[in-house]
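The values are calculated or read from the model by the stated rules, or taken from the named source; none is laboratory data. Small disclaimer: the values here were computed from a predicted structure and weren't measured. Note: ideal-geometry Cβ built from the backbone for every residue, glycine included; neighbour counts use all protein chains shown. What goes into the accessible areas is simple: the full protein's heavy atoms, side chains included, and nothing from ligands, DNA or RNA. Shrake-Rupley method; radii C 1.70, N 1.55, O 1.52, S 1.80 Å.
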Amino acid sequence: MTASTPQKVILSAQDVAIYYGTKDAVRHVNLDVVSNTVNALIGPSGCGKTTFLRAINRMHDVTPNTRVTGKILLEGEDIYAADQDPVTIRRRIGMVFQKPNPFPTMSIYDNVASGLKLAGVRDRKILDGIVEQSLRQAALWEEVKDRLKTPATGLSGGQQQRLCIARALAVQPEILLMDEPTSALDPQSTARIEDLLGELKKDVTILIVTHNMQQAARVSDTTSFFLIGDLVEHGPTDQIFTNPKDKRTEGYITGRFG
């Protein structure tokens, strides 16, 4: 992103804290995410990255004894406000998980179309067009176009993960959350998905949790370093990796702990 590119904040976390019962898992996070960027969340296991990510599309709503305080603004609107519908929020903020999770009883086509059908889309031409577009966005169309009616479980692990990305993209989210999306994949499949992120950010803003320092450095525009529930540092990826401001960030990046 060049200095002349207008920077529009699409997502803003303001003093966000997340509690499991009385335990504070994330404390007072303040973070602005710019539209059409890839943002990496890094840090040791159990430091709050995934907990924070799941708060962004209200997944903690279904976790007993979990509480989110502060504000998370999407296009300036608080997603936790009383008048916000969690289902609508999850359409606007999609999620891809660590392990590929295609719907096992559905075909490739129906996996991608499922969210559209839930939203009431029934026109076959519209469904066909969006399914193809989404599979193309996920760099999967050429591999599956002749077997759209076959079970999604017949795909390889890497293909299944790209199918899950296509499924998330089909409802045209503004933000895509990815929780270690390549950790269960082989190096070739990982490279395909990493390459994909650069294309996808033209259409959607991406937040990706990763334990892989090299991956964060390769794919992201900005990096956020979490440690024991705190957001220690956030900035351009180049700066975080070459000239971090906080000694704790430097210690983690250079492998002294974590």
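At-a-glance table
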| item | result |
| --- | --- |
| Test: LYS247 is touching a Ser or Thr at 6+ places or on another chain (Cβ under 7 Å), at pLDDT 95 or above and either of a type outside the set (Val, Ile, Thr) or crowded, with 19+ Cβ neighbours inside 10 Å (or both) | no |
| Meets criteria (within 17 Å of the chain's Cα centre (by Cα) and of a type in the set (S, T, N, Q)) for THR105 | no |
| Some residue of region 68-76 being modelled with pLDDT of 95 or more, of a type in the set (Ser, Thr, Tyr) and in a strand (DSSP E or B) | yes |
| Residue that is nearest to the chain's Cα centre (by Cα) [pool: residues in region 132-166 that are more than 19 Å from GLN188 (Cα to Cα) and crowded, with 23+ Cβ neighbours inside 10 Å] | SER134 |
| Flag for LEU176 being surrounded by 21 or more Cβ atoms within 10 Å (Cβ to Cβ) and either modelled with pLDDT of 95 or more or not charged (D, E, K, R) (or both) | yes |
| Within region 203-238, tally of residues that are of a type outside the set (Asp, Glu), open to solvent by 10 Å² or more (accessible area, probe 1.4 Å), under 26 Å from ARG192 (Cα atoms) and out of contact with any Asp or Glu (no Cβ under 8 Å at 6 or more places or on another chain) | 6 |
| Members of region 95-145 that are under 18 Å from LEU155 (Cβ atoms) and of a type in the set (S, T, N, Q) | GLN98, ASN101, THR105, SER107, ASN111, SER114, SER134, GLN137 |
| Residues of region 202-220 classified as touching a Ser or Thr at 6+ places or on another chain (Cβ under 6 Å) and under 19 Å from ILE93 (Cα atoms), total | 3 |
| Pair list, Cβ under 6 Å, 6 or more apart: region 179-199 residue open to solvent by 60 Å² or more (accessible area, probe 1.4 Å), other residue of a type in the set (S, T, N, Q) | SER183/GLN98 |
| Region 78-96, residues that are assigned to a loop (DSSP other than H, G, I, E, B), under 19 Å from the mean Cα position of the chain (by Cα) and among the aliphatic types (A, V, I, L, M) | ILE79 |
| Inter-residue pairs, beta-carbon under 8 Å, first touching a residue at least 24 places away in the same chain (Cβ under 8 Å) and under 16 Å from SER224 (Cβ atoms) and in region 243-258, second aliphatic (A, V, I, L, M) and surrounded by 17 or more Cβ atoms within 10 Å (Cβ to Cβ), 6+ apart | THR249/VAL232; THR249/ILE240; TYR252/ILE42; TYR252/LEU227; ILE253/MET213; ILE253/ILE240 |
| Condition check for PHE225: assigned to a strand (DSSP E or B), touching a helix residue (DSSP H, G or I) at 6+ places or on another chain (Cβ under 8 Å) and among the hydrophobic types (A, V, I, L, M, F, W, C) | yes |
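Listed here are the residues, each with its yes/no results for (1) open to solvent by 60 Å² or more (accessible area, probe 1.4 Å); (2) more than 30 Å from PRO236 (Cβ to Cβ).
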| residue | (1), (2) |
| --- | --- |
| SER12 | no, no |
| VAL26 | no, no |
| GLY43 | no, no |
| ARG67 | yes, yes |
| GLY70 | no, no |
| VAL96 | no, no |
| TYR109 | no, yes |
